[in-house]
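First comes the structure, then the notes that go with it.
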Amino acid sequence: MAQFMVVLDVSVVNVALPSIQRALGFTAAGLQWVVGGYALVFAGFLLLGGRLADVYGRRRVFLWGLTLFAASSLVGGLAATPGLLVGMRAVQGLGAAVLAPATLTILTTTFTEGPVRTRALAIWTAVSSAGGAAGNVIGGILTDFLSWRWILLINVPVGAVAVLAAVRVLPADRFRARSGKLDLPGAVLATLGVSALVHGVTQAQDHGWGRPTTLAGLAVGVLALAGFVVTEARYAAAPLVPPRLVRMRPVWAGNTVMLLAGACFIPMWYFLSLYMQDVLRYGALATGVAFLPHTLVGIVGARLAPAVMRRTGPRALIALAALLSAAGFAWQSRIGADSTYGEGLLGPAIVMSAGMGLLITPVITTVTSGIAEQDAGAASGLMNATRQIGGAVGLAALVTLAGTVSADAVGSYRAVFTAMAAVCAALAALAAALPPPPLKISK
């Protein structure tokens, strides 16, 4: 429930933006921060959020993040001014940055490596896929039949049930000596670096790569992240991301795969939504319903991943899933202005979403294998941050590509999906850098 809410809130407001603008009097420039405020804070604080679970306890931090997320949803849903709504969306992003790594950390520390953990991670992946894709549907239904406010208020009862379930189900945190002090300089540099980088990329998406605001954001992001690397390697007594973690082959290779996957799978929803509404002239609710096959096939793929992985191993499954996604994006690149739903959307959706569903579970399994319990939160935060950064950078790069290759909208979308197919093909080749699974002697 917690992970579903976190991913849902990345996309649920998109359909409601026109209603929000009319109700609260947002300017066109200010309206983007209803989405951007959440995404920016979420991406910026993921590394810190992941480490909090290691230092202060998984259940405790999970409950902190869940409570903060639900409370800010309540205030945001009742907001009467643009400033208050944007502020609460930013607080939601902070709660999500604490909550998302904690959900994954709880799974990886509760279940030992093997089939049971793989099944748990597959369910987590399926829920994430469902949350991301269901945002447009739920946003359209709530906005059309109730009010835009319910896209936020719905989190309050769901969050309350999740809190009660967490208190009853999750084991209490074991006592730990608080020698694991939080690396505050590293936290500041990581948060500043990721936030500035995402902000710079967002500015590039809106204004171009040569604008001073874009260059300033990118420069601050790169310098802060460079300072973060130096701090973690030389000065931090309790690093936010321990250097030993990044040097592990499964971690650096798996996070590179996740970076490329995020650069394709996160922007996909953006471009498909625009294609449906601007070219095919679908309404908001019809667009959300048209995404249902993507959701359902992605869930099926995620649930099948453990069974397939037992036969192929994670490395082979990652390559297979990436090639399947590449084929789906290549098919999607053949769209036209008069494409029918079946040939232009449904067919490609089945292929690419099957690849997406099959891909994430073996990547997470690879990255988290062999991670010490005290580093589980850092590994989870790093992987979530990598995916979000990949999505932000990929979206800006693809928007730039769409605006330069063709003045025709359909031609731009074709180029974008062709580029996504090429990235997925490269991702399949990169899977060779992942370590093979260890040999196990069955009892």
Mind telling me which of the residues Ala122, Ala134, Ala96 ends up being touching a Pro at 6+ places or on another chain (Cβ under 7 Å), of a type in the set (Gly, Ala, Ser) and buried (at least 18 other Cβ atoms within 10 Å of the Cβ)? Ala122
Here are Tyr275, Tyr270: which of them is surrounded by fewer than 19 Cβ atoms within 10 Å (Cβ to Cβ), assigned to a helix (DSSP H, G or I) and in the same structural domain as Ser353 (by TED's automatic domain parsing)? Tyr270
Between a first residue in the range 70-84 that is more than 17 Å from Gly95 (Cβ to Cβ) and in the same structural domain as Ile20 (by TED's automatic domain parsing) and a second residue that is modelled with pLDDT under 90 and aliphatic (A, V, I, L, M), which pairs have beta carbons less than 6 Å apart while being 6 or more apart in sequence or on different chains? Pro82/Leu24
Of the residues that make up the range 172-192, is at least one buried (at least 17 other Cβ atoms within 10 Å of the Cβ) and at pLDDT 80 or above? yes
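A quick yes/no check of all residues on (1) of a type in the set (Asp, Glu); (2) more than 28 Å from Thr287 (Cα to Cα); (3) in the same structural domain as Ala392 (by TED's automatic domain parsing); (4) touching a helix residue (DSSP H, G or I) at 6+ places or on another chain (Cβ under 7 Å):
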{"residue": "Asp9", "(1), (2), (3), (4)": "yes, no, yes, yes"}
{"residue": "Ile20", "(1), (2), (3), (4)": "no, no, yes, yes"}
{"residue": "Ala23", "(1), (2), (3), (4)": "no, no, yes, no"}
{"residue": "Leu31", "(1), (2), (3), (4)": "no, no, yes, yes"}
{"residue": "Gly37", "(1), (2), (3), (4)": "no, no, yes, yes"}
{"residue": "Leu40", "(1), (2), (3), (4)": "no, no, yes, yes"}
{"residue": "Leu46", "(1), (2), (3), (4)": "no, yes, yes, yes"}
{"residue": "Asp54", "(1), (2), (3), (4)": "yes, yes, yes, yes"}
{"residue": "Phe62", "(1), (2), (3), (4)": "no, yes, yes, yes"}
Say whether the condition of being modelled with pLDDT of 80 or more and surrounded by 14 or more Cβ atoms within 10 Å (Cβ to Cβ) is met by at least one residue in the range 201-208. no
Got a sec? Which helices (runs of 4 or more DSSP H) wholly within the range 338-443 have at least 3 residues that are under 26 Å from Gly221 (Cα atoms), at pLDDT 80 or above and not aliphatic (A, V, I, L, M)? 376-405
Only one of Gly336, Gly262 is crowded, with 17+ Cβ neighbours inside 10 Å and either under 28 Å from Leu17 (Cα atoms) or touching a Cys at 6+ places or on another chain (Cβ under 9 Å) (or both); which? Gly262
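The values are calculated or read from the model by the stated rules, or taken from the named source; none is laboratory data. Given the structure is predicted, the values throughout are model-derived calculations rather than measurements. We place every Cβ from the backbone using ideal geometry, glycine too, and count neighbours over all the protein chains shown.
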